[in-house]
1. Go through region 111-128 residue by residue and tally those that are farther than 21 Å from I95 by Cα and touching a Leu at 6+ places or on another chain (Cβ under 6 Å).
2. Against the condition surrounded by fewer than 18 Cβ atoms within 10 Å (Cβ to Cβ), modelled with pLDDT of 95 or more and under 30 Å from T6 (Cβ atoms), how does A187 come out, does it pass?
3. Please determine, by comparing only the residues of region 264-291 that are of a type in the set (A, V, I, L, M) and at pLDDT 90 or above, which one is farthest from D212 (Cα to Cα).
4. Could you tell me which residue of region 165-182 is nearest to F103 (Cα to Cα), considering only residues that are out of contact with any Lys or Arg (no Cβ under 6 Å at 6 or more places or on another chain) and part of a strand (DSSP E or B)?
5. What residue, among those in region 201-234 that are touching a strand residue (DSSP E or B) at 6+ places or on another chain (Cβ under 7 Å) and hydroxyl-bearing (S, T, Y), is surrounded by the fewest Cβ atoms within 10 Å (Cβ to Cβ)?
6. One residue is enough: does region 219-242 have a residue meeting the conditions of a type in the set (A, V, I, L, M), within 21 Å of I194 (Cα to Cα) and modelled with pLDDT of 95 or more?
7. Give D157, D179 a once-over and let me know the one that is more than 17 Å from the chain's Cα centre (by Cα), surrounded by fewer than 24 Cβ atoms within 10 Å (Cβ to Cβ) and among the acidic types (D, E).
8. Can you report the number of residues in region 160-196 which are basic (K, R) and either touching a residue at least 40 places away in the same chain (Cβ under 8 Å) or under 22 Å from R109 (Cβ atoms) (or both)?
Amino acid sequence: MKILITGANGMVGSYAKEVFGGDELILTDLPEHDVRDKEVVFDLFKRTKPQTVLHLAAETDVDRCELHPEEAYRSNVEAVENVAQACKDHKAVLIYVSTGFVFSGKGRREHTELDIPSPANVYGRTKLDAENLIKSLLSEFFIFRADWMIGGGPGKDKKLVGKIIKKCLAGEDIEAVDDMFSTPTFAKDFLSAINEFIPGKKYGLYHLANKDLCSRYEMALEIAALLGSRVKVSPVPSSRFPLPAPRAQSTGIKNYLLEQMGYDLMPRWQESLKEYVKEWGRRPLAGDRRP
């Protein structure tokens with residue numbers, strides 16, 4: 001299968017070669033291929049003739065989206081329209097990555113595909129707009145909603161998990177929010193599950209995250225334990241870190257439809273986090289006797 005991947009240099013794209021190694025991959029990203037430019041997209045499709053498109057390119061900085069909504073809309077909606085229209089014209093199947101940020105849940109809860117989206121910020125609204133646009137343009141598509149994406153390793157992980165790992169390794173104490181909840185999604189698990197599911201051509205929208213919710217505080221405790229770190233991990237309220245974009249108390253998602261269909265594709269987040277932290281340092285973890 002010939003797969004065109006946009007945003008291939010990002011966190012999720014860093015696992016593409018490993019997961020889709022048996023396929024012919026066309027890896028694209030900025031600055032050479034700006035999917036916000038319709039002519040660039042249509043020329044790329046004309047030259048490469050992909051059968052499947054994995055659209056990873058997006059503006060995922062939630063606060064940047066809030067501060068620059070027009071730019072967010074261009075990157076997260078107009079770019080998707082360009083790619084979706086090209087898929088329609090070339091009869092290519094689109095795989096789109098969406099987010100639990102389309103929800104604004106209260107309390108410690110997981111959303112299913114049956115819940116009505118209600119984004120709390122610009123980022124979530126642009127991703128929901130893109131979902132609806134895809135549904136209106138295409139009949140053969142997959143939309144996979146992830147949540148709190150983790151992965152990429154030292155070179156690409158600039159987000160919270162990467163920061164926590166670095167603090168633990170440096171012996172720096174950690175303050176982590178304990179009143180907001182998400183469903184961690186290990187990028188390699190995410191792509192592996194997609195690779196396993198899409199051959200069945202069961203098109204539609206699905207949730208795809210590791211099992212179970214956690215807070216940032218619970219994540220930090222788990223990382224410290226895996227590394228055998230003695231740093232102090234303190235729970236703090238989200239008000240401790242005021243940010244431009246409002247956040248839902250829970251963006252957590254449950255893989256309800258996939259599980260109803262008999263697809264148990266994702267492990268618990270603790271299992272995946274252990275693999276990721278071990279990959280980060282390429283060394284045994286605390287309590288791990290294996291070489």
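1. The total comes to 1.
2. For A187, the condition - surrounded by fewer than 18 Cβ atoms within 10 Å (Cβ to Cβ), modelled with pLDDT of 95 or more and under 30 Å from T6 (Cβ atoms) - is not met.
3. Filtering first and then ranking leaves V277.
4. S182
5. In this case the residue turns out to be S234.
6. So the first thing to find is which residues in region 219-242 are of a type in the set (A, V, I, L, M), and the list is 219-221, 223-227, 231, 233, 236.
When the remaining residues are screened for being within 21 Å of I194 (Cα to Cα), the result is none.
So far as region 219-242 goes, no, none of its residues is of a type in the set (A, V, I, L, M), within 21 Å of I194 (Cα to Cα) and modelled with pLDDT of 95 or more.
7. On the way: D157 fails: more than 17 Å from the chain's Cα centre (by Cα).
Result of the check over D157, D179: D179.
8. 2
The values are calculated or read from the model by the stated rules, or taken from the named source; none is laboratory data. On a predicted model such as this, the values are computed, not experimentally measured, just so you know. Please note: Cβ atoms are built from the backbone with ideal geometry, for glycine as well, and neighbour counts cover all protein chains shown.
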